[in-house]
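The values are calculated or read from the model by the stated rules, or taken from the named source; none is laboratory data. Computed from a predicted model, the values in this text were never measured in an experiment. Neighbour counts are summed over all protein chains in view; Cβ atoms, including those assigned to glycine, are modelled from backbone coordinates with ideal geometry.
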Amino acid sequence: MDIQYVYTKKRAEFGRQVHFTDRPVEIVADIQPNPELIQEYVARNPVDIGVQNVREFSEHWVNTVRFETENRGINHVEGGWPKDVNSLEPDQTSRFRKKTEKEDGYGRAILSLGHSIEHTIKQNNAIDIYENYFQNLEPDVVEEAPYAKTINIYRDPHSTQRTANHISWYADGPRKIAVSYCNLEFQSATSDSFIDSYIWDIENPTKPELYLKPISPLVCIEFNPKDTHQLAGGCYNGQVCIFDTRKGSTAVEQSLIENSHRDPAYKVIWLQSKSGTEFFSASTDGKVLWWDTRKLSEPVETLILDIEKKGRIENALGAMSLEYEPTMPTKFMVGTEQGRIISCNRKGKNDAEKIGSVFPGHWGPVYALQRHPNFTKNFLSVGDWTVRIWSEELRDDCIMWTKPSMHTITDAQWSPTRSSIFYTTKMDGTLDVWDILFKQNEPTLSMQVVDEPLHCLRVQESQGRLIACGSQNGTVTLVEVSDNLCTQGKSEKTLVSGMFDRETRRAKILEARGRAKRDARTKSAQGEKGEKPTTEGGTGESDLKEADPIDKAEKDFWKIIEEEKRRRDRKFVADDEKAAGESGAVT
Amino acid sequence: MTQAEVDDTLKRIQEHKGVQGYLIINNDGIPIRSNLDASLTQQYAALIKSLSDKARSTIREIDPTNELVFFRMRTKKHEILVAPEKEYTMIVLQATDVQ
């Protein structure tokens, strides 16, 4: 039913002020109830209603406002002197002192205080109450479940989304971390994106201790292990730069852009050298450059990663990760974008001699590469959703690997204190702890650190207890692991070395058998092609067939079946004849 | 008379094994007597006085019938013994014997 109200107004009266007046009530429409409609409904009886007699709860969480603390010092000046004594005048103060000493209460107080003090002094001299009785006992390895908990979260104070893609611990104890932030998504650099990187003090997550202002965002940053104030950083535009924390926020030295990399310098590592000023950098443009901090205008040495050893940069593989162990100063390894891992030696006269062996690696870029701190022949690499452990002796295949995980693994590192543990971070924001002596098919402990992808992790060197992980939106989380993940058991090292040896031997045996089979096949193939008599080729073939156990087993099986069938047929025929004979005899 | 006793007591305290120094301060924190150098005396007087006051008020708050009699602070290098009283406080530094 349409309820309308129509009114007319003269055009001359449009826009005039409206006069409102009261008027009596008027029924515009009256809709009576229609009792016939009730026929269309039926009363429902019984009616089921659920009732629950519980207290009503509601959930609400509250986070307190962050308590901002700041450290300030106060200057104490001498005070407490009575008004008539000037504290700077020595004779006034000494006069005051003598006056107090002559007071009656002074003598009594001193005597009683002296008595109690003497008692304590004698006590101290008699027994050393803090004596450590069992100093040489090793702490028992408690068999508790390992855990990891977040201690601190360092959020990027700037709101733009940048990935925390490299973390480096302060070389002198777990007090500071340097984090480099860079937005690595292709061509997403906007002009207002922040390019600073920070050094955080562990204790203060509200504000970074130092802002580092490079010319281009830093892709990677490392503290100098020899000089704790120096940092080397690789930039997004390929340059490398040196920072000094004593000298402020901007880079102290910067390499010339013509002599630097043409792609972001993904990894920078300090070298072990007498002067402590050398480092090298690698980038996806296929070059590894060595630098000296005293002269950053051009690299000291260049290496082009062409595995065919012809030095052609068009053929070069892009480097994604570098590995360097200070105990082996001339050798290093490069993990490439194409998946290969190249072991190199710096002491080569030209590029061909520098590039050593090439490992097949992964099916995708190698994001992390690290030698085992205790067994330098074995190293782990991360790429294509798996973590693989390799031995230098085997060039063809890895000795151990994890099963492919659901998410890309972005970074991995061996634990510096326990030989069988390594940590990985994944794109779903989890930090995994793998213990290869305990469980090999899945991580021993998996902890969801944040909800967005984690891009890098770094374990603190001296104790292996603190791990810093950097995520995609710039949050760095500090995680502490339980004791049993950082203290090493007595026989752990031997067990791990035994495991590596075993796996290496297994891989070697498989490789040797594979080679033997290939050799035998090529030999038999040559036998068919040549004019040798077929018997020789035949014996060769039958030899080959005998050597293949599966085929042999199949043939034996069919032989047995055929024999059994023939025997049954014969028996059947014999029975028939017997039956016929008997029936014949009967009748 | 009491002056001699006082000196005697202090000398005796000083001659104990391990004692590195002593300090007597009054209620206002003014060092009356000490055998450490001036700046160290000043530091100890100011800092330990406030700490001892805080300790005393803590004990008082927890149990009003209780009161602070003595307290010691063992540090890596030495042990600081503080004997507070209503008007004066005696502070002694004793080396920790590393056997």
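Listed here are the residues, each with its yes/no results for (1) without any contact (Cβ under 8 Å) to a residue 24 or more places away in the chain; (2) aromatic (F, W, Y); (3) assigned to a strand (DSSP E or B).
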{"position": "A:R95", "(1), (2), (3)": "yes, no, no"}
{"position": "A:K98", "(1), (2), (3)": "yes, no, no"}
{"position": "A:Y106", "(1), (2), (3)": "yes, yes, no"}
{"position": "A:I121", "(1), (2), (3)": "yes, no, no"}
{"position": "A:N125", "(1), (2), (3)": "yes, no, no"}
{"position": "A:I129", "(1), (2), (3)": "yes, no, no"}
{"position": "A:A164", "(1), (2), (3)": "no, no, yes"}
* Selected residue (criterion: surrounded by the most Cβ atoms within 10 Å (Cβ to Cβ)) from residues of segment A:107-127 that are within 7 Å of chain B (Cβ to nearest Cβ) and farther than 16 Å from B:F70 by Cβ -> A:G107
* Structure fact -> Checked segment A:131-147 for anything loosely packed, with under 10 Cβ neighbours inside 10 Å and either out of contact with any helix residue (DSSP H, G or I) (no Cβ under 7 Å at 6 or more places or on another chain) or at pLDDT 80 or above (or both); matches are A:E131, A:N132, A:Y133, A:F134, A:Q135, A:N136, A:L137, A:E138, A:P139, A:D140, A:E143, A:A145
* Structure fact -> Of A:S446, A:S415, the only residue that is over 28 Å from A:I342 (Cα atoms), of a type outside the set (A, V, I, L, M, F, W, C) and in contact with a strand residue (DSSP E or B) (Cβ under 7 Å, 6 or more places away or on another chain) is A:S446
* Structure fact -> Taking segment B:74-96 and keeping residues over 19 Å from B:I30 (Cβ atoms) and loosely packed, with under 12 Cβ neighbours inside 10 Å leaves B:T75, B:K76, B:K77
* Inspect segment B:62-73 for any residue being among the hydrophobic types (A, V, I, L, M, F, W, C) and over 15 Å from the mean Cα position of the chain (by Cα) and give the result as yes or no. => yes
* To do: Out of the residues in segment A:10-61 that are in a loop (DSSP other than H, G, I, E, B) and either surrounded by 10 or more Cβ atoms within 10 Å (Cβ to Cβ) or of a type in the set (K, R) (or both), state the one that is nearest to the chain's Cα centre (by Cα).
  => A:R55
* Structure fact -> Out of (1) in contact with a Cys (Cβ under 7 Å, 6 or more places away or on another chain); (2) surrounded by 19 or more Cβ atoms within 10 Å (Cβ to Cβ), the one A:E253 does not meet is (2)
* Structure fact -> Counting only strands (runs of 3 or more DSSP E) wholly inside segment B:9-99, the ones holding at least 2 residues that are facing another protein chain (nearest Cβ under 10 Å) and of a type in the set (A, V, I, L, M, F, W, C) are B:19-26, B:78-84, B:88-95
* A:A232 being surrounded by 15 or more Cβ atoms within 10 Å (Cβ to Cβ) and in contact with a Phe, Trp or Tyr (Cβ under 6 Å, 6 or more places away or on another chain) -> yes
* Asked: Quick one: how many residues across segment A:265-288 are surrounded by 23 or more Cβ atoms within 10 Å (Cβ to Cβ) and either β-branched (V, I, T) or touching a Leu at 6+ places or on another chain (Cβ under 9 Å) (or both)?
  -> 12
